[in-house]
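**Student:** Before I ask anything, let me first share the structure, which is written out below as structure tokens.
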Amino acid sequence: MNVRAAVFRGPHRPLSVETLLLDPPGAGEVLVRMVASGVCHSDLHVVDGEWSRPSDVVLGHEGAGVVEALGRGVEGLAVGDLVVLAWTAPCIACPACLRAEPWLCADPRGSGHRLSPPQVRLRRRDGSPVGAYSGIGTFAERQLVAAEAAIPVDPGTPPEIAALIGCAVTTGVGAVLNTAAVRPGQSVVVIGAGGVGLSSIMAAVMAGAQPVVAVDAVPAKLLLARDAGATHTADSGGARALLAELTDAGADHVFEAIGLRETVELAVDLTRAGGTTTLVGMTPQGERASIDVYGFVEQGKRLLGSNYGSAVPARDFPRICALYLDGRLPLDLLVTERIRLDGLEDAFAAMRRRDGARRVVVF
Ligand SMILES: NC(=O)c1ccc[n+]([C@@H]2O[C@H](COP(=O)([O-])OP(=O)(O)OC[C@H]3O[C@@H](n4cnc5c(N)ncnc54)[C@H](O)[C@@H]3O)[C@@H](O)[C@H]2O)c1
Ligand SMILES: [Zn+2]
Ligand SMILES: [Zn+2]
């Protein structure tokens, strides 16, 4: 079948929107008609050459769609289901999966940006293979994905919201609720109010944190953070002074949701003695940050990394949908603009100039 898709051909090159040939679903696979796909900063890291990834692959990893066909042996899914796509489809057999830590799966289906490597399911007319990013490559009208990557959710979830639950929302909400397990009354700082950070702010508010402080360089982002429920806002320069005013000696929890050395170091500094810093933002590969080891140890701080919000997609995607549908997570404010596949370059440019929360491709 023919599908239009946006293909990554190497760093610093525009994605090319092309018509590709997609195979029918094999055993354990599902054909999904994409309804929406968000543009995440992790896509931009790839396009800007900050993360090394193979080409050519259909990019995009924050998507939702409707099941159109099932391959042999697929259970628990039906044609017509609305599914949120997980960018790790756990193997369910490795030690990490057996510990219920699917985000650490050693052999996720879709690794190497192929389903069942080295097989690809997409080709150009000349027969040359094209991979699917993380096995889901959501910048495409249709995709074949592993059944484990397709998580059915409430069919009343709007397409854009379902798409964002596939990455930014689960990452930001999960960091607060799963990784750091914020408790009512604790003080929270979130550095970076993009798609991920705004989701963390909403989850901190929902968890009963007080105060909830948003830090961002862009005033418009801080207004969005207020809409998300932040009680206080500051730019990175003003964060230390604001926190000194609000707390005795730092916050119980600080989340870094940008991925910059200086804000990672700021996050550790803003954490109180005995408090927890959770790193969510991802730097260019190879980047290192430094901490004052003596002070860190003496103050008994804790430093956590949060991959995919420490989420179990089959458990957390439907839960997050339910919280949204109950009005407890104001996720609508994340959607800045709806775009088409040929609008991706503009969306990347907007993200580089820190304009807006999420742009979402609607199909
Ligand atoms: N841990 C995970 O599993 C995971 C999952 C998804 C995304 N991420 C990473 O999270 C990070 C954030 O992703 P996003 O999609 O929300 O990005 P985004 O571009 O939407 O948001 C980044 C925010 O940081 C702000 N910012 C940038 N530089 C700043 C500075 N120097 N000081 C203060 N504010 C600054 C921007 O204004 C923007 O609001 C990225 O690094 C992304 O790769 C991690
Ligand atoms: Zn992402
Ligand atoms: Zn596994």
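**Student:** What residue, among those in the range 26-46 that are surrounded by 24 or more Cβ atoms within 10 Å (Cβ to Cβ) and within 28 Å of Ala78 (Cα to Cα), is farthest from ligand 2 (Cβ to nearest atom)?
**Tutor:** Glu29
**Student:** Checking the conditions here, which among Val173, Val153 is under 17 Å from Gly309 (Cα atoms) and more than 16 Å from ligand 3 (Cβ to nearest atom)?
**Tutor:** Working: Val153 fails: under 17 Å from Gly309 (Cα atoms).
Just a single option satisfies the conditions, and that option is Val173.
Here's the yes/no breakdown for (1) of a type in the set (Ser, Thr, Tyr); (2) within 16 Å of the chain's Cα centre (by Cα):
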residue: Phe296; (1), (2): no, no
residue: Arg302; (1), (2): no, no
residue: Ser306; (1), (2): yes, yes
residue: Ile320; (1), (2): no, yes
residue: Gly327; (1), (2): no, no
residue: Leu331; (1), (2): no, yes
residue: Arg338; (1), (2): no, no
residue: Asp346; (1), (2): no, no
residue: Ala350; (1), (2): no, no
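**Student:** Among the candidates Gly49, Gly80, Gly127, Gly156, which residue alone is without any contact (Cβ under 8 Å) to a residue 12 or more places away in the chain and open to solvent by 20 Å² or more (accessible area, probe 1.4 Å)? Step through it out loud before you land on a result.
**Tutor:** Working: Gly49 fails: without any contact (Cβ under 8 Å) to a residue 12 or more places away in the chain; Gly80 fails: without any contact (Cβ under 8 Å) to a residue 12 or more places away in the chain; Gly156 fails: without any contact (Cβ under 8 Å) to a residue 12 or more places away in the chain.
Checking each option against the conditions leaves just Gly127.
**Student:** Taking the range 101-145 on its own, how many of its residues are under 23 Å from the mean Cα position of the chain (by Cα), modelled with pLDDT under 90 and away from ligand 1 (no atom under 16 Å from the Cβ)?
**Tutor:** 7
**Student:** Restricting the first residue to the range 223-247 and requiring it to be in contact (Cβ under 8 Å) with a residue 24 or more places away in the chain, which pairs with a second residue that is among the polar types (S, T, N, Q) meet a Cβ separation below 8 Å and a spacing of at least six or different chains?
**Tutor:** Listed pairs, sorted by first residue: Ala225/Thr233; Ser236/Thr263; Leu246/Ser187; Thr247/Ser187.
**Student:** Could you list, in sequence order, the residues of the range 1-25 that are surrounded by 15 or more Cβ atoms within 10 Å (Cβ to Cβ) and aliphatic (A, V, I, L, M)?
**Tutor:** Within the range 1-25, Val3, Ala5, Ala6, Val7, Leu15, Val17, Leu20, Leu22 meet the criteria.
**Student:** Please state which of the following conditions Ala347 fails to meet, knowing it meets all the rest: (1) of a type outside the set (Phe, Trp, Tyr); (2) under 20 Å from Phe255 (Cβ atoms); (3) touching a strand residue (DSSP E or B) at 6+ places or on another chain (Cβ under 6 Å).
**Tutor:** Failing condition for Ala347: (2).
**Student:** How about the range 1-35: which of its residues are part of a strand (DSSP E or B) and basic (Lys, Arg)?
**Tutor:** If we filter the range 1-35 for residues that are part of a strand (DSSP E or B), which is where we start, we get 2-8, 16-22, 29-35.
Within the range 1-35, Arg4, Arg33 meet the criteria.
A quick yes/no check of all residues on (1) more than 13 Å from Ala214 (Cα to Cα); (2) away from ligand 1 (no atom under 13 Å from the Cβ); (3) assigned by TED's automatic domain parsing to the domain that holds Arg353:
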residue: Leu242; (1), (2), (3): no, yes, no
residue: Glu245; (1), (2), (3): yes, yes, no
residue: Val254; (1), (2), (3): no, yes, no
residue: Ala257; (1), (2), (3): no, no, no
residue: Glu265; (1), (2), (3): yes, no, no
residue: Thr271; (1), (2), (3): yes, yes, no
residue: Gly274; (1), (2), (3): yes, yes, no
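**Student:** Under the condition of being open to solvent by 10 Å² or more (accessible area, probe 1.4 Å) and within 19 Å of Ile201 (Cβ to Cβ), which residue from the range 334-354 is nearest to ligand 2 (Cβ to nearest atom)? Explain how you work it out, then say what you get.
**Tutor:** The initial filter retains those residues of the range 334-354 that are open to solvent by 10 Å² or more (accessible area, probe 1.4 Å), namely 335-343, 345-346, 349, 351-354.
Filter once more, so that each one left must be within 19 Å of Ile201 (Cβ to Cβ): 335-336, 351, 354.
Values: Val335: 15, Thr336: 16, Met351: 12, Arg354: 17 Å.
The qualifying residue nearest to ligand 2 (Cβ to nearest atom) is Met351.
The values are calculated or read from the model by the stated rules, or taken from the named source; none is laboratory data. Treat the numbers as computed from the prediction; the structure is a model and nothing was measured. Ideal geometry is used to build each Cβ from the backbone, glycine not excepted, and the neighbour counts take in all protein chains shown. Keep in mind that these areas ignore ligands, DNA and RNA; they rest on the heavy atoms of the full protein, side chains included. Shrake-Rupley method; radii C 1.70, N 1.55, O 1.52, S 1.80 Å.
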